[in-house]
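Reading through the structure tokens given below for one structure.
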Amino acid sequence: MKIKKTATTLTAVLGLALCTSAHAATLFADTFDRANGDDLNASTTGKSGSLGALDWLETSGPTSGTLGAGGSIVSNQLQLGEEGAGGGWALAYLDHNFIDTSITTNRNFSVSVDIVNSDTGGATRYAGIVVGGPASRYSGWSSNNPATENVDFYIGYDGSGTEQFRIWENGVLTTTTNLSFVEPDTLRVDFTNVTNFTLGTTINYEVFNNGSSVATGDFTWSGTNQNYLGLFTNWTAGGAELDNFSVTTVPEPGTTALVGLCGLALILRRRK
């Protein structure tokens, strides 16, 4: 009877350990639930996570004569991109280098955002997630084309009729996937095999659209200890409206399984 009870207790401890591993730790999240305005950092309301209320930095410009509008908080969402018909582009990125120890310990991180409104004015207009590279790449961004910026990784939604997700790996367009897009849409990218942030290291990724896997691939870090990230759009008309941005990491089962082993040791000790 004692053996059965011990086995049951051990099962519970191991189950708890493995369940714990399934919960993501939020490094940074932003719901953009704050007052309307052009200053994305006027308030910390809506920002959360272990890294605190990080600031958003912005770079924007014209592509056909009209100044890019940059980012604004509108109705508790991030409006990013051109507010006219000029075809301007805009980039909002976080003032933090995501090379945190928790990421390499867990060997992964995820970036997620809701695309609420794909207000597009023509073909090859994107809204999406950009990852990797130094701060200078983001502050010096000068093009509406991710390939020109030689980005480590970028995935953008093109809502102009064909409804496509397009992926750039190390500045090269590698994937074009047609999808049935129903707004709002949650775009999430899981990055795995993140053992280090060394130049040339291969990073695997998987893209999820509303929870369904739609693409996989890999790219390499273009520099050492350089992992800034953010959101890039080159929409026309009203700009893209984005919401619920987050950067998370999930502990590996192997890490929390140690909790189960500790539980076993405790049970055996109590039996003596």
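Brief remarks follow.
- Quarter of Cα convex hull surface for the stretch 24-250, i.e. mean projection, nm²: 10.5
- As a proxy for reagent exposure, HIS96, HIS23 were ordered by neighbouring Cβ count within 10 angstrom, fewest first; the result is HIS23, HIS96.
Coordinate-derived values only; no laboratory data. All of these numbers come straight from a predicted model, not from anything done at the bench. Cβ sites come from the backbone with ideal geometry, for glycine too, and all protein chains shown count toward neighbours.
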